[in-house]
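Take this structure first; my questions come after.
The values are calculated or read from the model by the stated rules, or taken from the named source; none is laboratory data. Everything numeric here is computed off the predicted structure, so don't read it as measured data. Note that we place each Cβ from the backbone using ideal geometry, even for glycine, and neighbour counts take in every protein chain shown.
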Amino acid sequence: MDKKPQLQVSQKFMLTVLTVLCIVLIGVSFFTDKLTAPVQNALSYIITPLQKGINGMGLWLTDRADYFATIDELRQENEQLKTELDEVKEKNLVLIQDQIELNNLRELYALDNKIPGYEKVAARVIGKSSGNWFSTFTIDKGSKDGILVDMNVICGNGLVGIVTDVTDNSATVRSIIDDNSNVTGMLITSSDTCNIGGDLELIDSGYVHLEYLRGDVNVSDGDMIVTSNISSKYIEGILIGYAKNVSDDANSLTQSGYLVPAVDFEHMTEVLVIMQLKQ
């Protein structure tokens with residue numbers, strides 16, 4: 001009989017406690033929202049700009065990464081273009097060299113036809129004396145190719161000089177502009193003889209010496225001078241150059257002046273060697 005009232009009290013107590021707890025929780029929830037709302041608002045003023053800044057920084061970093069990637073691509077393209085340009089320049093250089101060589105061969109062929117009746121061998125210039133002029137130089141043909149001392153050498157429009165030394169595979173040529181060169185020439189119009197003397201100082205002005213022309217011979221600027229038939233080493237009729245400023249000497253018996261060489265002695269790559277000595 002005593003236990004039943006105790007059970008009833010306990011159930012009522014528990015119900016009361018639960019009811020009060022629910023009311024308290026509802027109140028706490030209501031007041032918590034009211035209290036935290038200002039904090040949330042304040043935090044939003046701080047967090048939102050930070051989020052925007054972080055997002056902006058992310059976009060900036062992405063843009064910078066894309067920028068540097070583009071720069072790297074442009075550098076690679078630039079290097080590729082430089083390589084292609086170098087290849088084009090190299091090909092153009094080869095074409096230019098081939099064209100120059102072709103022109104030189106054409107000149108040699110034309111000169112060969114101007115001096116018919118003689119066997120000739122083409123040779124490449126492989127060395128020269130110091131200075132701007134080809135006063136003495138080396139060719140890539142020698143005794144194995146039939147080259148002999150005193151053979152005449154020609155190129156361009158006329159006489160270059162004479163072979164002075166020969167090895168098995170090369171030869172030395174002394175040109176008509178060298179200080180030690182003397183060639184007996186003659187006016188093509190009259191066959192009157194003169195001496196053509198080399199001068200490495202005078203050639204800077206474009207001339208060599210023309211001397212010992214007979215005083216009564218009529219000569220004008222531009223008259224052609226060729227190798228003479230009385231020369232001991234040079235084959236007759238090879239163009240040497242053109243008379244310039246010839247006038248009477250003090251003795252009135254001879255004339256002297258200058259000769260403009262027919263050959264460009266500042267630029268020389270190939271020559272022809274006449275394979276026959278003067279008889």
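Residues in region 124-145: is at least one in contact with an Asp or Glu (Cβ under 8 Å, 6 or more places away or on another chain), among the aromatic types (Phe, Trp, Tyr) and either surrounded by 15 or more Cβ atoms within 10 Å (Cβ to Cβ) or closer than 16 Å to Pro261 by Cβ (or both)?
From region 124-145, those in contact with an Asp or Glu (Cβ under 8 Å, 6 or more places away or on another chain) are 124-126, 132-136, 142-144; that's our starting set.
Still in the running and among the aromatic types (Phe, Trp, Tyr): 133-134.
Imposing the further condition that a residue be either surrounded by 15 or more Cβ atoms within 10 Å (Cβ to Cβ) or closer than 16 Å to Pro261 by Cβ (or both) reduces the set to 133-134.
The answer is yes, given that some residue of region 124-145 is in contact with an Asp or Glu (Cβ under 8 Å, 6 or more places away or on another chain), among the aromatic types (Phe, Trp, Tyr) and either surrounded by 15 or more Cβ atoms within 10 Å (Cβ to Cβ) or closer than 16 Å to Pro261 by Cβ (or both).
If Lys141 satisfies every condition in (1) out of contact with any Phe, Trp or Tyr (no Cβ under 7 Å at 6 or more places or on another chain); (2) in a strand (DSSP E or B) but one, which is the exception?
Condition (2) is where Lys141 drops out.
Could you look through region 210-226, keep only residues that are buried (at least 16 other Cβ atoms within 10 Å of the Cβ) and out of contact with any Ser or Thr (no Cβ under 7 Å at 6 or more places or on another chain), and pick out the one that is farthest from Met275 (Cα to Cα)?
Val219
Just need a number here: residues in region 109-162 that are over 20 Å from Phe265 (Cβ atoms) and of a type in the set (A, V, I, L, M, F, W, C).
4
Let me ask something else. Does Gly117 count as touching a residue at least 40 places away in the same chain (Cβ under 8 Å) and either on the phi > 0 side of the Ramachandran plot or touching a helix residue (DSSP H, G or I) at 6+ places or on another chain (Cβ under 6 Å) (or both)?
On the way: touching a residue at least 40 places away in the same chain (Cβ under 8 Å): no; either on the phi > 0 side of the Ramachandran plot or touching a helix residue (DSSP H, G or I) at 6+ places or on another chain (Cβ under 6 Å) (or both): yes.
Criteria not met by Gly117.
Can you find even one residue in region 179-202 that is on the phi > 0 side of the Ramachandran plot and surrounded by fewer than 20 Cβ atoms within 10 Å (Cβ to Cβ)?
Looking only at region 179-202, we keep the residues that are on the phi > 0 side of the Ramachandran plot, and these are 191.
Add one more test, that the residue is surrounded by fewer than 20 Cβ atoms within 10 Å (Cβ to Cβ), and what stays is 191.
Scanning region 179-202, I find at least one residue that is on the phi > 0 side of the Ramachandran plot and surrounded by fewer than 20 Cβ atoms within 10 Å (Cβ to Cβ), so the answer is yes.
Go through the residues of region 214-236 one by one and say whether even a single one is assigned to a helix (DSSP H, G or I) and either of a type in the set (A, V, I, L, M) or assigned by TED's automatic domain parsing to the domain that holds Ser143 (or both).
From region 214-236, those assigned to a helix (DSSP H, G or I) are none; that's our starting set.
No, every residue in region 214-236 fails to be assigned to a helix (DSSP H, G or I) and either of a type in the set (A, V, I, L, M) or assigned by TED's automatic domain parsing to the domain that holds Ser143 (or both).
Whether any residue in region 192-206 is farther than 25 Å from Arg124 by Cα, of a type outside the set (Phe, Trp, Tyr) and in contact with a Cys (Cβ under 6 Å, 6 or more places away or on another chain) is what I want to check.
At the first step, the residues of region 192-206 found to be farther than 25 Å from Arg124 by Cα are 192-197, 201-202, 205.
Checking the rest, the ones that are also of a type outside the set (Phe, Trp, Tyr) come to 192-197, 201-202, 205.
Add one more test, that the residue is in contact with a Cys (Cβ under 6 Å, 6 or more places away or on another chain), and what stays is none.
Within region 192-206 (the criterion being farther than 25 Å from Arg124 by Cα, of a type outside the set (Phe, Trp, Tyr) and in contact with a Cys (Cβ under 6 Å, 6 or more places away or on another chain)), the answer is no, since none of the residues qualifies.
Leu108 is checked against (1) without any contact (Cβ under 8 Å) to a residue 40 or more places away in the chain; (2) part of a helix (DSSP H, G or I) and fails just one. What number does that condition carry?
Failed condition: (1).
How do the pairs read when you match residues in region 126-140 that are in contact (Cβ under 8 Å) with a residue 12 or more places away in the chain with residues anywhere that are among the basic types (Lys, Arg) and surrounded by 19 or more Cβ atoms within 10 Å (Cβ to Cβ), using Cβ under 8 Å and keeping only pairs 6 or more apart or on different chains?
From residues that are in contact (Cβ under 8 Å) with a residue 12 or more places away in the chain, the pairs are Ser135/Arg174; Thr136/Arg174.
Of the residues that sit in region 146-178 and are outside any strand (DSSP E or B) and under 31 Å from the mean Cα position of the chain (by Cα), which one is surrounded by the most Cβ atoms within 10 Å (Cβ to Cβ)?
Narrowing region 146-178 to residues outside any strand (DSSP E or B): 146-151, 156-157, 167-170, 176-178.
Next cut, under 31 Å from the mean Cα position of the chain (by Cα) only: 156-157, 169-170, 177.
Working: Gly156: 22, Asn157: 15, Asn169: 14, Ser170: 19, Ile177: 25.
Ranking the qualifying residues of region 146-178, first place goes to Ile177.
Residues to consider are Asp204, Asp179; find the one that is of a type in the set (Asp, Glu) and touching a Leu at 6+ places or on another chain (Cβ under 6 Å). I'd like the intermediate steps shown before the answer.
Values: Asp204 fails: touching a Leu at 6+ places or on another chain (Cβ under 6 Å).
Exactly one residue qualifies, and that residue is Asp179.
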